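Below is one structure, written out as structure tokens; the observations come after it.
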Amino acid sequence: MEHAAESKSLSARAADELTPAQTAAVRAAIAGNRHLAGALLPILHALQKALGYVPPAAVPMIAQELNLSRAEVHGVISFYHYFRRQPAGRHTIYICRAEACQAMGGRALQAHAQEKLGIEMHQTSADGAFTLEPVYCLGNCACAPSLLVDGDLHGRVDAQRFDELLGELA
């Protein structure tokens, strides 16, 4: 019984670290998906869709509701690169890191993007405008190197085209 009280206090403390809107999003994601077999991934996807990331403070709430350990929930979040633990920038740029794109200049494109934005992969620019993420195939190999900007696929991207795309977003 002491363990249950401890779990409740962890969940309550986690909810206190979230904004009211975030707490509502976590509760809605859980309520809408907890009935599913293997509910953890659908809950995480719903939360990422609602907030743009999975706040670390949501982990105890999700764990308690699914009768999982916090380590199990954290393990899933950290295993799948799709799940963010902090908000992304206003624009997310995914650079393909698969073999075809690397062979066609993807490494140079990545280096240019990192230099141009002043960030590394998995980071967000200081002004909050751009998040740079690797992706391991966009299915656009014939038009390598490719990247995805805010869900729009672009092929045969070189440094000049990258700069043009940034200009279009400004």
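The values are calculated or read from the model by the stated rules, or taken from the named source; none is laboratory data. Predicted model only: the values in this text are computed from it and were never measured. Cβ sites come from the backbone with ideal geometry, for glycine too, and all protein chains shown count toward neighbours.
Numerical summary
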item	result
Residue that is nearest to residue 92 (Cα to Cα) [pool: residues in segment 128-152 that are exposed (fewer than 15 other Cβ atoms within 10 Å of the Cβ), of a type outside the set (Gly, Ala, Ser) and in contact (Cβ under 8 Å) with a residue 12 or more places away in the chain]	150
Within segment 95-134, considering residues that are acidic (Asp, Glu) and touching a helix residue (DSSP H, G or I) at 6+ places or on another chain (Cβ under 9 Å), the one nearest to residue 169 (Cα to Cα)	120
Top-ranked residue of segment 58-71 - restricted to ones that are over 23 Å from residue 90 (Cβ atoms) and among the aliphatic types (A, V, I, L, M), ranked as surrounded by the most Cβ atoms within 10 Å (Cβ to Cβ)	62
Matching option when the condition is touching a Lys or Arg at 6+ places or on another chain (Cβ under 8 Å) and not assigned by TED's automatic domain parsing to the domain that holds residue 49, among 64, 123, 110, 160	110
Residue match in segment 48-70 (condition: at pLDDT 95 or above, under 19 Å from residue 157 (Cα atoms), touching a Pro at 6+ places or on another chain (Cβ under 9 Å) and not aromatic (Phe, Trp, Tyr))	no
Residues of segment 61-72 classified as of a type in the set (A, V, I, L, M, F, W, C) and within 17 Å of residue 23 (Cα to Cα), total	4
Selection count, segment 118-149, where residues are of a type outside the set (S, T, N, Q) and in contact with a Ser or Thr (Cβ under 6 Å, 6 or more places away or on another chain)	2
Of residues in segment 30-49 being surrounded by fewer than 17 Cβ atoms within 10 Å (Cβ to Cβ) and of a type in the set (A, V, I, L, M), the one nearest to the chain's Cα centre (by Cα)	41
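One line per residue, one yes/no per condition, for (1) within 13 Å of residue 162 (Cα to Cα); (2) free of Cβ contacts under 8 Å to residues at least 12 places away in the same chain; (3) loosely packed, with under 15 Cβ neighbours inside 10 Å:
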| position | (1), (2), (3) |
| --- | --- |
| 89 | no, no, no |
| 103 | no, no, yes |
| 123 | no, yes, no |
| 126 | no, yes, yes |
